[in-house]
Every structure is written in structure tokens, then in C-alpha cells.
């Protein structure tokens, strides 16, 4: 399954463009899965349909809004199940209290999204998965975790196997359920990492303004640092070439500076320029028309 990530600063148009791209591919005959990893989901708003979890929007288009609370409860159950094979009752109670505390901790959303996204992308059978990501910092953190998680689990597996060997030598041959669970998770995350690093496309989206340009430079640098190349960017909400309104004339002069910077900073990359439009792009039909007109990817 081909995976296409759309990323960038909050407010640049990630949800609109990722949704339109998903619609375009579905209209081309592909089986498409559109996933939002942003805790502040907008897919329901843009399609004007309540999604909440997973919903079939058209014959070839399914959308998923990851419910952090529901998925955390599922994650918590898995951790407690694993702990039942490792710890005493008293220790498990302490762990359960700790998990309740973690529910409000920063960073737990990334862990839950990683678990959920890895499961979805490995178990679902689609031609293309389109991922509407959270703002830049969350996304880079998630992708770094993808790179490191399976490696950490491999070391845990080695330790567990040594312990099992010692037990067998001592005549204590018992089924190691914990090891089986850890091995399954390591295999899943390793497969997910392979998909992310070898079978995916990451497309940054930015507006021709100072902060989005700077953040996109950091995003691309961060992606390259962890081994993900970027060859296409989308510049969204570009003002008309010769505006008449005095306010827009001044804004266009400022914009020209950043359009020039974009050409210089992202030299060698393919660039799609999308104009600032008069109307909001909401609903399946408008998304389809938008994609046909502007998304030649």
C-alpha cells in the first residue's frame, strides 16, 4: 500500500489538500483510506459528514479519525494484559494507577497514534493511504518514534530470550506469553517503519509567509535527518498576480519576497502553487473539482 503524508504548520491547508487528494485518487479508481492523526480532527467538517472513528464516504473512499480516548483505553488494556504475565498483583495495581496518570501526560497522544496508525496501515487492504498529519512538531516526533521503537523492542526480546533460556536450563519450561506479545509488536512496528521509510511519500504544505516558510525548512531538514527525502512541496493560498485592492497590493509585495525565498530554499524540488480561492472547499464535489484543477500529483 502506497502511503502519502501531508504535513506542515497548523492552518496551511493540510486537511483540505489531503482530503482533495484522497477524493482524486478514489475518483481515479483507487481504493483509498484517508486518515487524520491530528487530535483536532477536521475531516468531518470538510466532508460535512460525521465520521467519528471509521466511515465509508464513497465506494472507494474510507475516512478514519483516530479517537485518542478510545485508542488509549485499548492500549491500556494491552499493557495490563502484558503486565499480568510479568508482575505481581500489587505491581500491576501500581502500573494501572500510573497508566491513569499517563492519560493526561504530554506525549501520550503520539504513542497512541503510533500504535493505531501502525495497526491500520498493516491490517487494512487499500491501494493508497493518505495521512492528514498533526502540525510539524507532533509529526516529526511520531516519525522519530517509528524509527526507534522497533529497535528498542528488539533489545527487550533479546533479554527476554536469555531469561527464558536460563529458566529452561533450570527446568522451568513455561510458556512466555509476554515474549510473544512483544515479538508481535516488534514485527508490526518494524513493518510499519519499512512502509514509512521505503513506501511512502511526504509532501509538506506551506503558505507564502515567514513562519510557514521557516517551519517547512525545519520540517524538511528534520525529515532528511531521519532518512525521509522530500521531492514535492505545495504552496497554498497564493494571492492573485495583479490585485486591484490596495490592501491586497501591499500584501502581494510582501508575498513576492517569500515566493522568491521558496524558490531559493527549496531549489530542485517540484512545487505546486495553489491560489487563494474565493470560497471554502467543503463537501465531496468541491473537493473533487479542487483536486482536478490544482493537484497534479
* **Inter-site label distance for residue 54 and residue 197 at 7 Å from Cα along Cβ, in nm** => 2.7
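Above 20 angstrom, tally the Cα pairs of region 187-294 and express them as a % of all pairs, no decimals.
Details: 3034 of 5778 pairs.
Within region 187-294, distances greater than 20 Å cover 53 percent of Cα pairs.
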* **Cα centroid separation - region 5-19 against region 227-297, whole Å** => 12
* Where in region 224-244 does the label zone of residue 210 land, with the point 7 angstrom along Cα→C-beta and an amide N cut-off under 20 Å? -> 236-239
* Backbone N under 18 Å from the residue 264 label point (7 Å along Cα→Cβ), restricted to region 210-234 -> 210-218
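How much length is gained if the chain between residue 297 and residue 69 is pulled fully straight, taking 0.36 nm per residue apart and subtracting their Cα-Cα distance, in nm to one decimal? Could the numbers behind the result be given before it?
Values: separation 228, 0.36 × 228 = 82.08 nm, distance 3.44 nm.
Result: 78.6 nm gained on full extension.
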* **Once the Cα gyration tensor of region 1-52 is diagonalised, semi-axes √(5λ) in Å** => 18, 14, 10
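Where a number appears in this text, it was derived from the coordinates with a stated rule and is not lab data. Remember, it's a predicted structure, so these values are computed and weren't measured experimentally. Neighbour counts run over all protein chains shown; Cβ positions are idealised from the backbone, glycine included.
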